[in-house]
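The values are calculated or read from the model by the stated rules, or taken from the named source; none is laboratory data. It should be emphasised that the depicted structure is a prediction, and the values quoted were computed from it without experimental measurement. Neighbour counts are summed over all protein chains in view; Cβ atoms, including those assigned to glycine, are modelled from backbone coordinates with ideal geometry. Please note that ligands, DNA and RNA were not included when accessible areas were found on the heavy atoms of the full protein model with its side chains. Shrake-Rupley method; radii C 1.70, N 1.55, O 1.52, S 1.80 Å.
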Amino acid sequence: MDSIPRKSIPETFAGADVFITGGSGFMGKVLIEKLLRSCPQIGNVFVLLRPRRGKLAKERVADLVQVPLFNKLREERPDSFQKIVPLDGDCSQLRLGLEDESIRRMVDVQFVFHAAASVRFDDPLDKALLLNTRGTHEVLRWAKTLSNLKAIVHISTTYSNPEVPHVEERIYPAKMDWRKAIEMVEKVEPEALNALAEKLSGFAPNTYTFTKGLAEQICYDYHHELPLVIFRPSIVINTETEPMPGWIENYNGPAGILSAHAAGILRTLFVSMDCHMNCIPADVSIKAIIVAAWKKSFSAKNDLVIYNSAAEPDKAMGYKFLYEESDYFSHRIPMLKMMWAPTGQATTNSTLFYLLFFLYQVIPAFFVDVVLRLCNMKPFLLKLQRSIFHAQNSLMYFTTHDWVFDTDNFRSLSKDLGEMDKIHFNIAYITQGLLEYCSLCMLGGRRYLFKESDDSIMVAFKRLKRFELADKLLKLAMFVGFAYVLRSYLPDSWLQREAVDGRLNEILSD
């Protein structure tokens, strides 16, 4: 690699066409916004989107840029949105589902960011293979036709080999030949393939990690022909600084846990207090991805560099920390849409977890839905609890295991940056400490997930006090009721004997 790069990042991307898959996802949106805002002279930004709910790519892009994430860009460079070129296609299809005209338009693409993936842990194997594995192969096959290509960034995950507790920045042995996997998904009936999922995947925790691991093998086999890098983020969560602090659009990480706990809808957790949630802010990961592409543009083509974009041990969020501090966050930033007073239990005993979940979340949700029906309102809480239950089940492996991630390559990304690039592509993270960053995540969850304005916090404080009083009164009523029932069903002779024994004890003590 050249020790002194000739161009800054904005200069490198000036006039360069870019192709992005997964542009409608959380990371994809942040990537598009950052490229347009920090590389103002960039060429066309081709965004591949599949039709969804009757909307084609053009309509989906129009909706995509309306989220608050793009407010700063809308104020500073409103003309930048014209650089976005929506393309109808689908990464799970051959040739990415692209029409010939779309392929001709992208003949001058210089940078490719492959972020499309099925991130659901419970997806059937056939669906995950088509998108995560074959989709990666289709991207690389097409990229070989690009004569001006400078870099391809394949966005993977630090959990692509979850059976390895110490993850280095290197390729690990394949669990299966990716060619055979693609051949099977193309020829074998989905029902038969899914029935063999556990055996084929080597009993991987889920289809997501298995198929992402296969995608890395494809990159390894193509790295002699293409300027490839593999970028592995851990759990990508709220932006820390850019373009706005705390932005989030999913329930991953602390934002989901803390905001759902504060709303009183998450009261039971299946986690090990000795384990950690390794998270990285979205804006930090995206800046690092752009820097990685920039570095590859002037590096040796055939070297496959892998970046583990993960938090250092002192910045990984322990479940014990989140559990112990959850009341602090709930009282510092209460939720207006609170369903009950925040409280909860955590366990690694599956039987106890199912029991507590039924008592603390299912039963209350049932009664709330009954009340909503009686008031001619649409019930929703049981359905929500079903989703929470499935999510916790799919995450059990990850909330009871710990990993160590080597990050030497990731931390070295900023080494060759110029002075201005160090400002605009700074990858320092969680600079104010975990407590403040988690507060930012909580506030982001309140604003962007629960759609609650900051002006309503004082009202939420009053609501919290009422729910806490109601919770205490309910517990007192339940205790009195239980004592009354116990008193009613105990034999009189047993009660009389207890009274005599109590009197004797008083006399003896005197």
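A few notes on this one:
- The set of residues in region 150-160 being open to solvent by less than 20 Å² (accessible area, probe 1.4 Å) and in contact with a helix residue (DSSP H, G or I) (Cβ under 8 Å, 6 or more places away or on another chain) consists of 151, 152, 153, 154, 155, 156, 157, 160.
- Residues that are out of contact with any helix residue (DSSP H, G or I) (no Cβ under 6 Å at 6 or more places or on another chain) and either open to solvent by 50 Å² or more (accessible area, probe 1.4 Å) or more than 19 Å from residue 470 (Cα to Cα) (or both), drawn from region 341-357: 348, 349, 350, 351, 352, 353, 354, 355, 356, 357
- The set of residues in region 376-417 that are farther than 19 Å from residue 320 by Cβ, acidic (Asp, Glu) and in contact with a strand residue (DSSP E or B) (Cβ under 9 Å, 6 or more places away or on another chain) comprises 406, 408.
- Failed item in (1) aromatic (Phe, Trp, Tyr); (2) buried (at least 18 other Cβ atoms within 10 Å of the Cβ); (3) touching a Pro at 6+ places or on another chain (Cβ under 6 Å), with residue 329 passing the rest: (3)
- Residue 140 open to solvent by less than 30 Å² (accessible area, probe 1.4 Å), of a type outside the set (Asp, Glu) and out of contact with any helix residue (DSSP H, G or I) (no Cβ under 9 Å at 6 or more places or on another chain): no
- The one condition in (1) under 26 Å from residue 428 (Cβ atoms); (2) part of a helix (DSSP H, G or I); (3) modelled with pLDDT under 95 that residue 249 fails to fulfil: (2)
- Qualifying residue in region 259-267 (condition: within 19 Å of the chain's Cα centre (by Cα), on the phi < 0 side of the Ramachandran plot, not assigned by the TED database to the domain that holds residue 169 and not small (Gly, Ala, Ser)): yes
- For beta carbons closer than 7 Å, sequence separation of 6+ or different chains, a first residue in region 357-381 that is free of Cβ contacts under 8 Å to residues at least 24 places away in the same chain and a second that is of a type in the set (Lys, Arg), the qualifying pairs are 372/378; 379/373.
- Of all residues in region 20-62 being of a type in the set (Lys, Arg) and under 18 Å from residue 239 (Cβ atoms), the one that is nearest to the chain's Cα centre (by Cα): 29
- Taking region 105-159 as the range and being touching a strand residue (DSSP E or B) at 6+ places or on another chain (Cβ under 7 Å) and polar (S, T, N, Q) as the test, the residues that pass are 110, 136, 148, 156, 157, 158.
- Filtering region 127-137 to residues that are out of contact with any His (no Cβ under 7 Å at 6 or more places or on another chain) and either closer than 27 Å to residue 12 by Cβ or surrounded by 21 or more Cβ atoms within 10 Å (Cβ to Cβ) (or both) leaves 128, 129, 130, 131, 132, 133, 134, 135.
- Residues that are in a helix (DSSP H, G or I), open to solvent by 30 Å² or more (accessible area, probe 1.4 Å) and either of a type in the set (Phe, Trp, Tyr) or more than 9 Å from residue 24 (Cβ to Cβ) (or both) within region 52-62 comprise 58, 59, 62, listed in sequence order.
- When restricted to residues that are in contact with a Phe, Trp or Tyr (Cβ under 9 Å, 6 or more places away or on another chain), at pLDDT below 95 and not in a helix (DSSP H, G or I), region 402-415 contains 0.
- Residue match in region 96-104 (condition: assigned by the TED database to the domain that holds residue 140, closer than 23 Å to residue 249 by Cβ and not aromatic (Phe, Trp, Tyr)): no
- Test: residue in region 161-173 that is assigned by the TED database to the domain that holds residue 304, open to solvent by 10 Å² or more (accessible area, probe 1.4 Å), of a type outside the set (Lys, Arg) and outside any loop (DSSP other than H, G, I, E, B): yes
- Checking residue 208 against (1) outside any loop (DSSP other than H, G, I, E, B); (2) open to solvent by 10 Å² or more (accessible area, probe 1.4 Å); (3) farther than 23 Å from residue 402 by Cβ, the condition it does not meet: (3)
- Single condition residue 301 does not satisfy, out of (1) touching a Leu at 6+ places or on another chain (Cβ under 9 Å); (2) surrounded by 18 or more Cβ atoms within 10 Å (Cβ to Cβ); (3) not in a helix (DSSP H, G or I): (2)
- Selection within region 404-459: residues that are small (Gly, Ala, Ser) and surrounded by fewer than 19 Cβ atoms within 10 Å (Cβ to Cβ). The member of this set that is farthest from the chain's Cα centre (by Cα) is 418.
- Residue match in region 284-294 (condition: open to solvent by 50 Å² or more (accessible area, probe 1.4 Å), part of a helix (DSSP H, G or I) and not aliphatic (A, V, I, L, M)): no
- Residue in region 72-100 that is most open to solvent (accessible area, probe 1.4 Å), counting only those that are among the charged types (D, E, K, R) and closer than 24 Å to residue 14 by Cα: 75
- Across region 368-385, a minimum of one residue is classified as open to solvent by less than 50 Å² (accessible area, probe 1.4 Å) and under 24 Å from the mean Cα position of the chain (by Cα).
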